[in-house]
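To keep things clear, I will list the structure first and then write my remarks on it.
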Amino acid sequence: MVPFGTNRLFRLQFGGMRRLGLAIAGVALLTAGCGGNTTPEGQPESTEPGGVALVGGQLIDGTGGAPVADSVVIVRDGRIESAGPRETTPIPDGVETVDLAGKTLMPGLVNLHVHYREGGEEIQRQFDAQLHYGVTTARSIGSDTPERVAFLLESAGRTNAPRTFTAGLGFSRPGGFNAAGRNAPETQEEARQLVRDQLALGVHFIKMWVNEVAEPDRKITPEIRSAIIDEAIANGAIPVAHIDEEADGRQLIGAGLTDFLHSTVLTFGPGSGAPMDDPDPSAEFIQMCLESGAYFTPTLSIIQGNWHFAENPGLLDDPDLQAAFGTYNPDALAGWQDEERRASVVSADNFEDRKAAFRQAQDFVRTMHEAGVKVAMGNDAGTPNVPFGWGMHHEMELYVEAGLSPMEAIIAATNLGASQMPPVGEADFGTLEAGKVADLIVLNANPLADITNTLDIDRVMRLGEWVDRSALTAN
Ligand SMILES: [Zn+2]
């Protein structure tokens, strides 16, 4: 495992909780000092103290095993006590039984790429949107001030918030992409000190943007990248890089980084939005990824979001999607509701080129997945056109369109991401198996028949308690 433990909060949250097996006690400790609200008004009744038996649904457990048509899942004390076929999974005396005939259970979604916006009140609404749509874990990756880091660490064990991981404030080069208000070291020594400053806050990841965008020659240098990676790993944190070129991917893997955001298809900056002549990852790079265990979180939504609602304005009639936009960017919603704006997007000269470039990004997902490289899921939720919650379902749809099966897309959106979170390989969430945390989604329709059925949600469970899904639209 990756050694953690330089931070007291982190130990409480991820070490102590697991060692002691006192998930709920740990939660109370963490929320005590921040006005955390474990039983907000309007939250439906908790599951019975004696536990709950979810009976008769199709079980997709996220391990990749065959779905179980007629299942029983027993939830007690926030965790899954047992899960399997009805014949072999007895229902203990005294548990409340919930009939899920005709429904499907799947793990809560793990979004590896989000950017929360504003302060605690606004973020709680973004949490509400995530939980409404069954996103029960999120990694906030590069935009979090020290205050927000503290808030996310304190929220991570609440039943009305997803489990959050954070990278604090990311790294760029002075004058480079996203450098403003973030870390932009001039020297290796400064880079190492700034990494230590982030880690002292209790962050789990160290994020860097390795691209040029509008400023040529403003890409973070290989020497600084290496110093950041080295310092992060030496202190038990996981370095993560935003890239869009294979050459950078190679250099970073050589320096010890294995966690990549976006892809090697040019997504940002000059030249992006036009199809590349040679978009396919090379055999050599695929081999490097396989040998190093590197994995990708390609964020298809942030590319396609530039026009998707212009082409499909009917989606915007959904009040839940409107509310999800409203939690962070009502202006973006208003923009897409403007017919003239939509017309200008779809009639732009480069529209077909943009779509062709997007298909190259989808091809990257399929190619890497088929080669055996880990392709997890995250969508850049919180950027203007990627709504919290809803966006993860759309990202799954885009993976299926890219060529993954619905089952493979679900695994990418759950288990695969969970398995990469610290402590790596020891996740107690992301699958529906005995001993795991009870974070799950109940669907009214079968997602294996049509991946868009993941949006037909009956209810969501977080830490063994039913989520108040009305919280999203109550505001
Ligand atoms: Zn991002």
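Nothing in this text is a laboratory measurement; each read-out follows from the coordinates by a stated rule. The structure presented is a predicted model; accordingly, all values stated were derived computationally and were not measured. We place every Cβ from the backbone using ideal geometry, glycine too, and count neighbours over all the protein chains shown.
What the table below lists for this structure:
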quantity	calculated
Whole-Å distance, taken between Cα centres, linking segment 146-195 and segment 348-382	26
DSSP loop GluC sites (Glu not before Pro) with at most 14 other Cβ within 10 Å excluded, longest remaining stretch of the chain	187-425
Relative contact order of the chain, defined on C-alpha pairs under 8 angstrom at six or more residues apart (%)	20
Mean-position separation - Cα centroids, segment 262-281 and segment 389-410, in angstrom	21
Along each principal axis, Cα extent of segment 210-335, largest first, Å	48, 38, 30
Cα-based Rg / Dmax (Å) for the chain	21.5, 67
Prolate/oblate/rounded call for segment 406-475, Cα gyration tensor, a/c under 1.5 rounded	oblate
Pairs of Lys in the chain closer than 28 Å at Cα, counting only those 8 or more apart or on different chains	7
DSSP beta bridges in the chain [antiparallel fraction, %, rounded to 5]	40
